[in-house]
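The values are calculated or read from the model by the stated rules, or taken from the named source; none is laboratory data. Not measured: the values here are computed from a predicted model. Positions of Cβ are backbone-derived with ideal geometry, glycine not excepted, and every protein chain shown enters the neighbour counts.
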Amino acid sequence: MKIMNYEVFANELMSINLDTKKVINTINPHSYVTAKRDKLFYEALQNSDILIPDGSGIVLAAKQIVKKDIKKIAGADLHKFLLEKMDERSAKVFYMGASQNTLESIKEKTTLEYPNIKVQSYSPPFKPEFSKEENDIIISKINAFKPDVLFIGMTAPKQEKWLHKHRDSLDFKVASSIGAVFDFYAGTVERPSQFWLDLHLEWLGRLVKEPKRMWRRNFVSTPLFLWDVLRYKLNLNAVTY
């Protein structure tokens, strides 16, 4: 489904073919706005094989612009779905990103919840950009494992751009940039409760818990996104990239 220059996934996760190489990314109002001033990020989102609507704002845009009801699919939902499918297949999953402590917590939890999955991980240096040598190490570790699913967790837009740049050098079947889900799943950061999720106000729960990190998303990106939704609705879509 085409929404504001992006082809957004509007089906059920069960419909995804997990046997062919593909990149699955997410889009929300903040990533939409960020991509308008970051060409490589825009290319990364546009070249995703599947772009899931991880945000109530994207669901609203679909309703207002193309008159379609679509379901919000959070990165955590995608993560859970893929783990369940990989457990059924006794497959391999690689986590790249986050701290070593977070990755160890993830491995402990997956061992309990998904005992048929073989898990490997790597915590890269915490820096804005990796050197060629660092990229070579990351790629070699992933390729030596040959994961069925590769999860990237380095926050947006760094994670999407890294995967986009190195996709052809990586040996995986499905790769997805899921950012904060690493910490949510590991328990190092608490995800908003089901109460907020049921009200479609996960953003508010996260703002309360992480105001310093989330304020720009909600008080800058969200208004800009809603302004673009209005322009599209009124056929004033002077949106440039």
Exercise. Could you list, in sequence order, all residues of segment 1-21 that are crowded, with 17+ Cβ neighbours inside 10 Å and not in a loop (DSSP other than H, G, I, E, B)?
Key: I3, Y6, L13
Practice problem: List the number of the failed condition for A35; all other conditions in (1) of a type outside the set (K, R); (2) crowded, with 23+ Cβ neighbours inside 10 Å; (3) at pLDDT below 95 hold. | Solution: (3)
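If you go through segment 1-25, how many residues are of a type in the set (S, T, Y) and closer than 22 Å to R231 by Cα? Full working, then the answer.
First, pick out the residues of segment 1-25 that are of a type in the set (S, T, Y): 6, 15, 20.
Those still in the list that are closer than 22 Å to R231 by Cα too: 6.
Selection size over segment 1-25: 1.
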Exercise. Only one of these is under 18 Å from the mean Cα position of the chain (by Cα) and in a loop (DSSP other than H, G, I, E, B): K127, K80, K72, K68. Name it.
Key: K72
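Just the residues that are assigned to a loop (DSSP other than H, G, I, E, B), among the small types (G, A, S) and surrounded by fewer than 18 Cβ atoms within 10 Å (Cβ to Cβ), please, taken from segment 38-57.
Keep residues of segment 38-57 that are assigned to a loop (DSSP other than H, G, I, E, B), which gives 38, 47-49, 54-55.
Filter once more, keeping what is among the small types (G, A, S): 48, 55.
Result: no residue meets the conditions.
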Practice problem: Could you please find all residues in segment 148-168 being among the aliphatic types (A, V, I, L, M) and without any contact (Cβ under 8 Å) to a residue 60 or more places away in the chain? | Solution: L150, I152, M154
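Would you point out which residue out of F151, F130 is within 23 Å of D38 (Cα to Cα), surrounded by fewer than 19 Cβ atoms within 10 Å (Cβ to Cβ) and at pLDDT 95 or above? If you could, list the steps in order and put the result at the bottom.
Working: F151 fails: surrounded by fewer than 19 Cβ atoms within 10 Å (Cβ to Cβ).
Going through F151, F130 in turn, the sole match is F130.
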Quiz item: Given the conditions (1) out of contact with any Lys or Arg (no Cβ under 8 Å at 6 or more places or on another chain); (2) within 21 Å of A76 (Cβ to Cβ); (3) polar (S, T, N, Q), and given that S121 satisfies all but one, which numbered condition is not satisfied?
Solution: (1)
Exercise. Mind listing whichever residues of segment 169-185 are among the small types (G, A, S) and in a loop (DSSP other than H, G, I, E, B)?
Key: G179, A180
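Got a number for residues in segment 34-60 being more than 18 Å from A175 (Cβ to Cβ) and touching a Lys or Arg at 6+ places or on another chain (Cβ under 9 Å)?
Initial filter on segment 34-60 (more than 18 Å from A175 (Cβ to Cβ)): 34-39, 42, 53, 55-60.
From the residues that got through so far, the ones that are touching a Lys or Arg at 6+ places or on another chain (Cβ under 9 Å) too are 38, 42, 53, 55-56, 58-59.
Of the residues in that region, 7 qualify.
What is the residue count in segment 38-87 for residues that are of a type in the set (G, A, S) and farther than 21 Å from F151 by Cβ? If you could, list the steps in order and put the result at the bottom.
In the first step, residues of segment 38-87 are kept if they are of a type in the set (G, A, S); the result is 44, 48, 55-57, 61-62, 74-76.
With farther than 21 Å from F151 by Cβ added as a condition, the list becomes 56-57, 61-62.
So the count comes out to 4.
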Quiz item: Out of the residues in segment 130-157 that are of a type outside the set (F, W, Y) and over 25 Å from M86 (Cβ atoms), which is nearest to the chain's Cα centre (by Cα)?
Solution: P157
